[in-house]
Amino acid sequence: MREKFQFLPEAHGTTMWAVTMVGSPLPLIAGYLALVNLWAFALMGFDKRRAKMRGARRIRERTLFLSALLGGGLGACLGMWCFRHKTKHWYFVVGMPLILLAEAALGVWLYLTFR
């Protein structure tokens, strides 16, 4: 009787196991960043709409900052400027672009390190 062997990929050297098994992680990272930026943009628009309503529950400022810190800096900045929301608060006017700048610098550093 003939035995069947299953050959699985092995990690060699500095190759990560996950990359060997599923391929490049770039589509997953790009998808995540697209979703979190869309979410941050939508949060800004939703909070602006709620700000115009009298007595409506609002989104916490720390939630808006957290959405930016999780990778949605571009969406938060665009939402802030498109909806003209939180533009009178210095910590948003300064903080959101700084978060975006830090995320861009991290992206460039990761690209240059792991290309």
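The values are calculated or read from the model by the stated rules, or taken from the named source; none is laboratory data. Please read these numbers as outputs of a predicted model, since none were measured by experiment. Glycine gets a Cβ as well: all are built from the backbone with ideal geometry, and neighbour counts include every protein chain shown. Only protein heavy atoms, including side chains, enter the accessible area calculation; ligands, DNA and RNA are left aside. Shrake-Rupley method; radii C 1.70, N 1.55, O 1.52, S 1.80 Å.
Go through (1) over 30 Å from Arg115 (Cβ atoms); (2) at pLDDT 95 or above and name the single condition Leu69 misses.
Failing condition for Leu69: (1).
Do you know which of the residues in region 40-77 that are out of contact with any Gly (no Cβ under 6 Å at 6 or more places or on another chain) and of a type in the set (Phe, Trp, Tyr) is farthest from Val93 (Cα to Cα)?
This residue is Phe46.
Rundown of residues vs (1) out of contact with any Asp or Glu (no Cβ under 9 Å at 6 or more places or on another chain); (2) at negative phi; (3) of a type in the set (Ser, Thr, Tyr); (4) open to solvent by 90 Å² or more (accessible area, probe 1.4 Å), yes/no style:
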site: Tyr32; (1), (2), (3), (4): yes, yes, yes, yes
site: Lys52; (1), (2), (3), (4): yes, yes, no, yes
site: Trp81; (1), (2), (3), (4): yes, yes, no, yes
site: Arg84; (1), (2), (3), (4): yes, no, no, yes
site: Trp90; (1), (2), (3), (4): yes, yes, no, yes
site: Thr113; (1), (2), (3), (4): yes, yes, yes, no
